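The values are calculated or read from the model by the stated rules, or taken from the named source; none is laboratory data. The structure presented is a predicted model; accordingly, all values stated were derived computationally and were not measured. Here the Cβ is made from the backbone with ideal geometry for all residues, glycine too, and neighbour counts use every protein chain on show.
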Amino acid sequence: MRKLAIGTALSGALALAGLAAPAASAAGTPDLKFSGVTVNNGKPVVVGATKAVSVPVSYTLTRPKNLVIDQEKTLQAVMLYRGTLRSLDNDLGPDTPPTCKTTATTDTTVTESCTEKIAAAPDQSLYEAADAGTWKAAGVFAHSDGSVSDDYLHSENDVTMWGNLASVKVQRAAQLTADAAPEPVKKGRTLTVRGKLTRADWATGRNTGYKGQKAVLQFKADGGAYTNVKTLTSGTGGALSTTVKAAKSGTYRFVFAGTATTAAKTSAGDHVTVK
């Protein structure tokens, strides 16, 4: 099982708790409520081959007024996970404690607006193709306590999780190119438009060809708007290639609509002058 990235104290508490069966605290399960969890402002998390992406998370936390959360021995956070809480396939958590601001109080409770940032890093927290897809959010409360000396050790670690609070897609970033030739070209002659569709491979830290995917060739005449010309299917290494008749000066580009695991991408346009 991979190490949770929620911070040293919490990851240690989770590891000692075993994760498969989170324990209640000595005083019973804490009466916490995580609500309004929003991950990445409701948008998919798109991660390239090498650079980590900082994912904003916001939520409302309601806790007992007498429960002190110091983010050291007693702490709370939201984590992202694949699988189930009983059997985690992978998890992502904040590297620094959440920031919370009190918004309301009663005689017995405190309500706080909390924000945190979770790092999604290729080859560190994202390792394999299965990491592209739908992840869920869980609220986490952990308490770690004990004492240690040269001749004595006592440790208590309790964890409670509330799962399936929200969901977010984590997708591989795509790259797409377009090149039309020859340039310039005589009117009525044949133009060849080539491109390449690739996507991030988190395990290797590079982009690899994305074969068998639909991409639309679009054309925009000078002063006009883009219109669809034809649909192609990427071949070996993500290669795209087709021919068109040169009628007007303008710009060609490819558009990939994306899949559940790979983000959409539009190539830069390539302008061709027709004489």
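For the residues Arg194, Arg199, the requirement of being within 17 Å of Ala52 (Cα to Cα) and either crowded, with 18+ Cβ neighbours inside 10 Å or of a type in the set (Lys, Arg) (or both) singles out Arg199.
When segment 20-41 is filtered for residues that are aliphatic (A, V, I, L, M) and modelled with pLDDT under 50, the ones remaining, listed by number, are Ala20, Ala21, Ala23, Ala24, Ala26, Ala27.
The listed residues are Gly237, Gly258, Gly195, Gly163, and the only one of them that is out of contact with any Pro (no Cβ under 6 Å at 6 or more places or on another chain) and part of a loop (DSSP other than H, G, I, E, B) turns out to be Gly258. Selection within segment 202-225: residues that are surrounded by 14 or more Cβ atoms within 10 Å (Cβ to Cβ) and over 18 Å from Phe256 (Cα atoms). The member of this set that is nearest to the chain's Cα centre (by Cα) is Trp202. When Ile69 is tested against (1) outside any loop (DSSP other than H, G, I, E, B); (2) more than 28 Å from Asp131 (Cβ to Cβ); (3) of a type outside the set (Phe, Trp, Tyr), only condition (1) is not met.
Would you say Lys136 is over 13 Å from the mean Cα position of the chain (by Cα), surrounded by fewer than 21 Cβ atoms within 10 Å (Cβ to Cβ) and in a strand (DSSP E or B)? No: the conditions fail for Lys136.
Selection within segment 139-177: residues that are of a type in the set (D, E, K, R) and farther than 23 Å from Val46 by Cβ. The member of this set that is surrounded by the most Cβ atoms within 10 Å (Cβ to Cβ) is Asp158. Ala130 satisfies every condition listed in (1) under 20 Å from the mean Cα position of the chain (by Cα); (2) assigned to a strand (DSSP E or B); (3) exposed (fewer than 14 other Cβ atoms within 10 Å of the Cβ) except (2). Of all the listed residues (Ala247, Ala225, Ala268, Ala203), the sole one being assigned to a loop (DSSP other than H, G, I, E, B), of a type in the set (A, V, I, L, M, F, W, C) and at pLDDT below 95 is Ala203.
Candidates are the residues of segment 74-98 that are among the small types (Gly, Ala, Ser) and either at pLDDT below 90 or crowded, with 19+ Cβ neighbours inside 10 Å (or both); the one that is nearest to Ser144 (Cα to Cα) is Ala77. Would you confirm whether or not segment 73-93 contains a residue that is in a loop (DSSP other than H, G, I, E, B), among the basic types (Lys, Arg), more than 20 Å from Ala263 (Cβ to Cβ) and assigned by TED's automatic domain parsing to the domain that holds Gly163? Yes, that holds for at least one residue.
Tallying residues that are in contact with a helix residue (DSSP H, G or I) (Cβ under 7 Å, 6 or more places away or on another chain) and either in a loop (DSSP other than H, G, I, E, B) or farther than 24 Å from Ala130 by Cα (or both) within segment 206-222 yields 2. Entry remark, segment 99-127: residues being loosely packed, with under 15 Cβ neighbours inside 10 Å and either charged (D, E, K, R) or in a strand (DSSP E or B) (or both) number 9 in total.
If a residue has to be surrounded by 13 or more Cβ atoms within 10 Å (Cβ to Cβ), more than 14 Å from Leu191 (Cβ to Cβ) and either of a type in the set (Ser, Thr, Tyr) or in contact with an Asp or Glu (Cβ under 8 Å, 6 or more places away or on another chain) (or both) to count, how many in segment 226-275 make the cut? Count: 7. Determine whether Thr262 is free of Cβ contacts under 8 Å to residues at least 60 places away in the same chain, in the same structural domain as Ala180 (by TED's automatic domain parsing) and within 15 Å of Leu197 (Cβ to Cβ). Against the criterion (free of Cβ contacts under 8 Å to residues at least 60 places away in the same chain, in the same structural domain as Ala180 (by TED's automatic domain parsing) and within 15 Å of Leu197 (Cβ to Cβ)), Thr262 does not qualify.
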